[in-house]
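Report on the structure given below.
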Amino acid sequence: MPMILEKYSFGIGDRFGHQGKAQLQAMINAKKQGIAITPVWNKSNREHSIIHTIPADVRKEADAAVKAMGWDESYYVDADHISLKNVDAFVEASDFFTLDVADYIGKKADEAEIKTFVQKYKKYVGQLNVDGIEQPIEITEDLISKIADKFLLAVRGAGKIYRRIEAARGKGSFITEVSMDETDQPQTPVEMFFILAALANEGVPAQTVAPKFTGRFNKGVDYVGNVVQFAKEFEEDFAVIAFAVKEFGLPKNLKLSVHSGSDKFSIYKSINKAMKKFDTGLHLKTAGTTWLEELIGLAMAGGDGLAIAKQVYIKAFGRFDELCGPYATVIDIDKNKLPSPQTVEKWSGQDFAQALRHNQSCRNYNPNFRQFLHVGYKVAAELGRGYIDALEKYEHIVAKNVTENIYDRHIKQVFI
Ligand SMILES: [Zn+2]
């Protein structure tokens, strides 16, 4: 039996590998409400290299959390945003692979390959009616050719990574996701249609695809953009996927994966509505939101917990460019609105937690502070044992924050 990803799945990232149980508790809470959500522990190569962890650490954590909590449903370990350069290190420990092809987008494949692609799919030229999309999609040969120019090489790239994993692990022994989110331009529904055609053609049995959506998905903070436009495109993507699955024989459970960058609360309602309308599944990927709950928990614990939370911020403050660099395209921080180290030094645990916690109705919430700490985990990693000891000492209060955040702010809004 090939591995099949369940209808609802939730990507959780855990920078320091200590919150697996607390994260799983959120899925257990959902299960008690009758909603089956499959946990997927994800970690990218970027995170591994900043924290100095290896893919086997994520596997160990996931297995241990599942065992400790008596979780008898499925779960996966996601090699997030991997490329041909780094996939080998993930092959053994992971059973879910997010093939990142963003680097190839916009680079052109062979002219001959493009021609062959256009030949094969020019039967769609004309007006294409897709269930769930009001207006027929206008398709010309020129449009197919332009889409092939932009995406064919990327899909070939996905094929190369996919075959490398398949050769190492065996067919059907892993879940394949294709991600195109870390690029400038959102993909339109018609582009999505031909990307799916190309994936089928390339023999990549994608079970989830992560497009770039309209608007900004900054790390750890809410969506910035036109919510109405997002909702329209999101529904059109669902419609195109359902249509493409039938047309191209892609896996029947193929679904959208939203690489949320965590906490896109203002579009959760649209996502929930669209899922219900199309009766379809979803993979919602988050990561850094859990690390921020660790800091909130430590701050609320007071004493040396609060001291270490402050220390992370104060040390990070002087290293703004270095820490923000790798995330430049997915953060918008107004440096002038960051509190000074002197100010934070005087804060109570409550002050720190309120500035950081993603509660937009709280007047002390500071999205600049939140985004900056989101990318500041390198500093905590450098504290080494000191940071981990604090997590262990205050496990109870940290875990409570981690579970509540995932369950109340994310799962409840999107899936229930
Ligand atoms: Zn992503």
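Here are a few things to note about the model shown:
- Filter pass, V330 being over 26 Å from the mean Cα position of the chain (by Cα) and not basic (K, R): no
- Index of the failed condition, L153 passing every other in (1) away from the ligand (no atom under 16 Å from the Cβ); (2) crowded, with 23+ Cβ neighbours inside 10 Å: (2)
- Those strands (runs of 3 or more DSSP E) of region 111-219 in which 1 or more residues are of a type in the set (D, E) occupy 137-139, 175-179.
- Number of the condition not met by E233 [criteria: (1) charged (D, E, K, R); (2) under 20 Å from A274 (Cβ atoms); (3) more than 16 Å from the ligand (Cβ to nearest atom); (4) not in a helix (DSSP H, G or I)]: (4)
- Hits in region 276-291 - residues which are open to solvent by 10 Å² or more (accessible area, probe 1.4 Å), touching a helix residue (DSSP H, G or I) at 6+ places or on another chain (Cβ under 9 Å) and part of a helix (DSSP H, G or I): K277, F278
- Condition met for E134 (in contact with a helix residue (DSSP H, G or I) (Cβ under 7 Å, 6 or more places away or on another chain), open to solvent by 50 Å² or more (accessible area, probe 1.4 Å) and of a type in the set (D, E)): no
- Residue check, I147 surrounded by 17 or more Cβ atoms within 10 Å (Cβ to Cβ) and in contact with an Asp or Glu (Cβ under 7 Å, 6 or more places away or on another chain): yes
- Residues that are out of contact with any Leu (no Cβ under 9 Å at 6 or more places or on another chain), farther than 23 Å from I139 by Cβ and away from the ligand (no atom under 16 Å from the Cβ), drawn from region 182-213: G203
- Options G225, G261, G220; residue that is within 25 Å of N359 (Cα to Cα), within 16 Å of the ligand (Cβ to nearest atom) and open to solvent by 10 Å² or more (accessible area, probe 1.4 Å): G261
- Whenever a residue of region 1-20 is within 16 Å of L391 (Cβ to Cβ) and surrounded by fewer than 19 Cβ atoms within 10 Å (Cβ to Cβ), it has no partner that is polar (S, T, N, Q) and at pLDDT below 95 lying with C-beta atoms less than 9 angstrom away and at least six residues away or across chains.
- Region 75-104: number of residues that are in contact (Cβ under 8 Å) with a residue 40 or more places away in the chain, of a type in the set (V, I, T) and more than 13 Å from the ligand (Cβ to nearest atom): 2
- Qualifying positions in region 58-75 - crowded, with 17+ Cβ neighbours inside 10 Å and touching a Gly at 6+ places or on another chain (Cβ under 9 Å): V58, E61, A62, A65, V66
- Taken over region 41-60, the residue count meeting the criterion of being in a loop (DSSP other than H, G, I, E, B) and in contact with a His (Cβ under 8 Å, 6 or more places away or on another chain) is 1.
- Verdict on D408 being at pLDDT 95 or above and farther than 22 Å from L24 by Cβ: no
- On the stretch given as region 292-346, residues that are buried (at least 17 other Cβ atoms within 10 Å of the Cβ) and assigned to a loop (DSSP other than H, G, I, E, B) total 4.
- Residues of region 87-106 that are closer than 17 Å to D57 by Cβ and open to solvent by 30 Å² or more (accessible area, probe 1.4 Å): D88, A89, E92.
Okay, residues lined up against (1) under 19 Å from the mean Cα position of the chain (by Cα); (2) more than 19 Å from N401 (Cβ to Cβ):
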position	(1), (2)
K255	yes, yes
H259	yes, yes
F278	no, yes
A301	no, no
G305	no, no
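The values are calculated or read from the model by the stated rules, or taken from the named source; none is laboratory data. This one's a predicted model, so the numbers in the text were calculated from it and none came from an experiment. Heads up, the Cβs are rebuilt from the backbone with ideal geometry, glycines too, and the neighbour counts pull from every protein chain shown. With ligands, DNA and RNA removed, areas are computed over all heavy atoms of the protein, side chains included. Shrake-Rupley method; radii C 1.70, N 1.55, O 1.52, S 1.80 Å.
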